[in-house]
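Coordinate-derived values only; no laboratory data. What you are looking at is a predicted structure, and each value in this text was computed from that prediction instead of being measured. With ideal geometry, Cβ positions are generated from the backbone for all residues, glycine too; neighbour counts draw on all protein chains shown.
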Ligand SMILES: *Cc1c(COP(=O)(O)O)cnc(C)c1O
């Protein structure tokens, strides 16, 4: 019995009153259902719109309207330096220097650019490890790089098997890496697995990969803005993410990359290049001898998509004020409360299995629930009650209470509704 929590409305309200971050909810638009705010637990798929998104966007539209091409050089955020303004807040979120991070492109595009740099098979060292049930885009990207290099994925792409409950066990990861040894070129894993919500030990995995002379890269789509990260100190080689999930920057908006300084500072790291990665001292001399920007900036291809990035800035500004460490503290108790309610209630405990690890150090905010019978029908009833969660075949509902705009009362309301549906 977990004595930290109580199964009551009043208790949920009391936690909300004590929550130092509760005012941040006011900074977001909450969609409505039948005239009432929905309970939005889908920030792991598409985060909500910050109210300031419009102001940030309008300011750049105004600059374009009034200055035309001059917008590149005027205003408080001139477009020629526009990629620089997201560096500080992103570096705080991922635990890096500003030189190691840049926002650009979309997630799968960046994955390709990073694989082009960091998947360099040579001799026997050709193998790549990904996890079973990886997000298809990541799997496809890796396979395509192997094929382009004449390496057969059927033989050399190692799929790290999950335990029967969906768990990626650290022992298994360690064993697989050490078995492959000198044949391993790269391990590419998620920070937080999108289906199960498991948070992996990035530091340990990176260390194990390095011990056999391989590289370690991470897809942080479900980790950034969800859990604090320390990519530089963890010695991660490279990472990428998207900004439209926990980062609330809008559908399809700009991604970002992390390149560890030991690669970013070296002019010998191979990369696909474009004019925006050329050193900004001489970029506009338009010479064709490539002189890379130091750090992650050298991977930029094109000039910045200002309108998307403007909205990204609006969101990052909120994260800077809230602070990822404080958000994580709240997140642990918000998700802990949800877990408590599901596991302590006899009916729910009987009908629902949580596949996300119960140890808070092995998960972010998401819980993935297996609904043992009639999952799809139960999911649809939740939706019709104004609860936004998502459905993953064959029987999983993913529930992601996010600390920026969700409340303990949201969690309680979800629990009461699910209990009502299951008891019918
Ligand atoms: C969300 C997500 C994607 C989506 O890729 P896009 O290029 O942004 O469409 C890819 N991989 C993972 C692991 C994701 O969670």
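Odds and ends about this structure:
- Per the Kirkwood formula applied to alpha carbons, region 244-328 shows a radius of gyration over Rh ratio, Rg over Rh, of 1.06.
- For region 281-424, averaging the sequence separation of C-alpha pairs within contact (under 8 Å, six or more residues apart) and dividing by the residue count gives a relative contact order of 23 percent.
- Counting every other Cβ atom within 10 Å of each residue's Cβ, 203, 424, 36, 271 order from fewest to most as 424, 36, 203, 271.
- Rounded to 5, the percent of DSSP beta bridges in the chain classed as antiparallel: 60
- Projected-area mean, region 222-365, by convex hull of Cα positions, square nanometres: 11.5
- In the chain, Cα pairs under 8 Å separated by at least six residues give a relative contact order of 23 percent.
- Estimated translational D of region 166-276 in µm²/s (Stokes, Kirkwood radius over Cα pairs; 4 °C; 1.567 mPa s): 86
- With 0.36 nm allotted per residue and the present C-alpha distance subtracted, the residue 286-residue 84 stretch has 70.6 nm of extension available.
- Inverse of mean 1/r across different Cα pairs in region 49-205, Kirkwood, Å: 18.7
- Residue ranges 174-186, 398-410 sort as 398-410, 174-186 when ordered by packing (mean number of other C-beta atoms within 10 Å per residue, highest first).
- Packing-based order for 229-238, 46-55, using average beta carbon neighbours within 10 Å, highest first: 229-238, 46-55
- Isotropically averaged projected area of region 303-377, using the convex hull of Cα atoms (one quarter of hull area), nm²: 7.9
- Coarse-grained scattering of the chain at q = 0.09, 0.11 Å⁻¹, given as base-10 log I(q)/I(0) from a Debye sum over alpha-carbon atoms: -0.59, -0.87
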